[in-house]
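The values are calculated or read from the model by the stated rules, or taken from the named source; none is laboratory data. The shown structure was predicted, so the numbers you read here are calculated from the model rather than taken from an experiment. Here the Cβ is made from the backbone with ideal geometry for all residues, glycine too, and neighbour counts use every protein chain on show.
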Amino acid sequence: MPSLLRDRPASTPEMLAVFGDEALLKAALAFEAELALALAELGLIPPDDAKAIAAACASKFDIAELAEAAAHAGTLAIPLVERLRARVSPPEAAARVHKGATSQDLADTALMLQARDGAALIRRDAARLADALAALARAHQSTPMLGRTLLQAALPITFGLKVSTWLSGVTGALKRFERETAAIRLQFGGATGSRAGLDGQGVALAERLAARLNLPPALPWHAERQGVAGLASALAILTGAIGKIAGDIALMAQVEVGEAFEPRQAGRGGSSAMAHKRNPTGCQVALSAAIRAPHLAATIVSALPQQHERGLGGWQAEGPVLAELFQLTHGALAAMVTVIEGLEVDEGRMAANLASAKVGTDTGESAALVAQALAAYEKDR
């Protein structure tokens with residue numbers, strides 16, 4: 001069973017729900033119901049049969065029992081279609097459940113429906129983080145502080161310049177993610193990707209099904225998985241951009257530095273053994289995600305060489321891995337939004353650390369660079 005004790009600290013209730021059992025089953029049943037209705041619209045099955053199939057898809061299923069059956073069969077589609085057919089009458093109508101489709105069509109399309117909803121959450125909270133970073137950069141455009149290179153004291157900069165670098169990292173990663181969401185599309189090709197048995201109406205059926213599911217139509221992509229790999233990589237890159245912010249703030253929050261701190265929240269950031277500690281818990285969430293995400297993305301990239309028309313093992317590995325990537329990315333975003341929106345900045349400590357380094361006070365063109373970064377951000381919003 002899913003583990004909230006393990007998964008909730010790393011993600012959000014919203015994203016966990018998007019990729020939860022109920023959402024997966026709902027997406028799979030939506031595929032079957034809308035397929036039947038689209039088939040009827042094209043005259044490929046009788047309208048009454050389509051209505052009966054859609055009604056069966058609206059009934060309840062025992063998720064635990066279905067999961068056991070899916071584990072035995074090797075895919076969710078086999079037991080799900082079997083149970084749907086048992087609920088549809090007459091037998092001729094039952095035989096039309098899943099017409100023209102294959103198990104991978106159901107699995108991929110259900111995953112894409114979940115990814116579509118997950119992407120909406122990523123967009124929403126990445127935009128919120130970017131807005132918070134822009135406000136922070138603007139507020140500290142001219143706040144002097146010590147710049148650090150190779151983890152050592154370097155030359156003066158402004159805190160606004162540091163934050164504008166965080167901002168450009170997030171916005172650049174978000175743009176990349178938006179491009180890669182083109183991978184979120186319908187999968188419909190049938191047993192070998194040829195759309196056989198549809199009286200030459202496969203293209204029309206795919207277009208109608210895509211419209212019903214609110215997904216872009218596409219050629220069958222059963223064994224052509226660059227889109228999924230690109231989406232996974234974009235999630236990992238966005239998580240890395242968030243992790244960069246978390247790493248900087250965690251270092252600035254060290255007692256001997258003391259330049260910036262996560263907002264105080266009751267019950268958060270303490271220690272079970274040391275009452276005096278103020279741990280950067282939000283940064284911890286984001287950094288943990290940034291450590292895990294690249295390896296998850298690499299798993300999906302490694303699945304690219306899929307055999308023949310529909311592969312063995314590759315696409316089956318993608319669903320749980322992509323779900324985990326979405327969950328980690330959103331968990332990192334949610335944590336860092338809270339941190340940035342409430343970040344406590346100690347300008348006096350920044351000034352003191354800069355003075356103790358004895359590297360002067362010339363921040364160069366920091367303020368102008370911040371203004372340039374903010375202008376670019378406002379233009380792209």
> Of the residues 356, 272, which single one is small (Gly, Ala, Ser), more than 25 Å from residue 233 (Cα to Cα) and modelled with pLDDT of 95 or more?
Replying inline: 356
> Do the conditions hold for residue 295, that is, is it exposed (fewer than 15 other Cβ atoms within 10 Å of the Cβ), in a helix (DSSP H, G or I) and under 18 Å from the mean Cα position of the chain (by Cα)?
Replying inline: yes
> How many of the residues making up segment 75-115 are in a loop (DSSP other than H, G, I, E, B) and in contact with a helix residue (DSSP H, G or I) (Cβ under 8 Å, 6 or more places away or on another chain)?
Replying inline: 12
>> When you check residue 137 against the structure, is it crowded, with 18+ Cβ neighbours inside 10 Å and modelled with pLDDT of 95 or more, yes or no?
In response: yes
>> Just checking, does segment 63-72 include any residue being in contact (Cβ under 8 Å) with a residue 24 or more places away in the chain, farther than 30 Å from residue 331 by Cβ and over 26 Å from the mean Cα position of the chain (by Cα)?
In response: no
> What tally of residues in segment 324-381 results from selecting those that are hydroxyl-bearing (Ser, Thr, Tyr) and within 35 Å of the chain's Cα centre (by Cα)?
Replying inline: 4
>> I need every pair where a residue in segment 135-146 that is within 17 Å of residue 340 (Cβ to Cβ) and in contact (Cβ under 8 Å) with a residue 40 or more places away in the chain has its Cβ under 7 Å from the Cβ of a residue that is β-branched (Val, Ile, Thr) and not in a strand (DSSP E or B), sequence separation at least 6 or different chains.
In response: 136/163; 136/340; 137/163; 137/370; 140/163; 141/370
> Do we find a residue being assigned to a helix (DSSP H, G or I), aromatic (Phe, Trp, Tyr) and at pLDDT 95 or above anywhere in segment 48-64?
Replying inline: no
>> What's the number of the only condition in (1) more than 30 Å from residue 28 (Cβ to Cβ); (2) surrounded by fewer than 20 Cβ atoms within 10 Å (Cβ to Cβ); (3) within 16 Å of the chain's Cα centre (by Cα) that residue 171 fails to meet?
In response: (2)
> Right, residue 329: at pLDDT 95 or above, under 22 Å from residue 184 (Cα atoms) and not small (Gly, Ala, Ser) or not?
Replying inline: yes
> On the given criteria, is residue 169 in contact (Cβ under 8 Å) with a residue 24 or more places away in the chain and touching an Asp or Glu at 6+ places or on another chain (Cβ under 9 Å)?
Replying inline: no
> Does residue 36 satisfy the condition of being over 23 Å from the mean Cα position of the chain (by Cα) and either in contact (Cβ under 8 Å) with a residue 60 or more places away in the chain or closer than 30 Å to residue 367 by Cβ (or both)?
Replying inline: yes
> Here are some residues: 318, 324, 344. Which one is surrounded by fewer than 19 Cβ atoms within 10 Å (Cβ to Cβ), of a type outside the set (A, V, I, L, M, F, W, C) and in contact (Cβ under 8 Å) with a residue 12 or more places away in the chain?
Replying inline: 344
> Exactly one of (1) part of a helix (DSSP H, G or I); (2) farther than 14 Å from residue 31 by Cβ; (3) among the hydroxyl-bearing types (Ser, Thr, Tyr) is unmet by residue 142. Its number?
Replying inline: (1)
>> Given the criteria in contact (Cβ under 8 Å) with a residue 60 or more places away in the chain and under 18 Å from the mean Cα position of the chain (by Cα), does residue 114 qualify?
In response: yes
>> Looking at 338, 361 in this structure, which one is at pLDDT 95 or above and not in a helix (DSSP H, G or I)?
In response: 361
> Hey, does segment 99-113 have a residue that's surrounded by 24 or more Cβ atoms within 10 Å (Cβ to Cβ), of a type in the set (Asp, Glu) and within 26 Å of residue 319 (Cα to Cα)?
Replying inline: yes
>> Here is a list: 31, 19, 61. Which entry is under 30 Å from residue 286 (Cβ atoms) and aromatic (Phe, Trp, Tyr)?
In response: 19
>> Can you pull out every residue in segment 204-242 that is under 13 Å from residue 109 (Cβ atoms) and either part of a loop (DSSP other than H, G, I, E, B) or modelled with pLDDT under 95 (or both)?
In response: 214, 215, 216, 217, 218, 220, 221, 222
> Based on what the data block shows, is residue 105 touching a residue at least 12 places away in the same chain (Cβ under 8 Å), under 27 Å from the mean Cα position of the chain (by Cα) and over 30 Å from residue 167 (Cα atoms)?
Replying inline: yes
> Does at least one position in segment 123-134 carry a residue that is surrounded by fewer than 19 Cβ atoms within 10 Å (Cβ to Cβ) and in a loop (DSSP other than H, G, I, E, B)?
Replying inline: no
> If residue 258 passes every condition in (1) within 30 Å of residue 130 (Cα to Cα); (2) out of contact with any helix residue (DSSP H, G or I) (no Cβ under 6 Å at 6 or more places or on another chain); (3) in a loop (DSSP other than H, G, I, E, B) but one, which one does it miss?
Replying inline: (2)
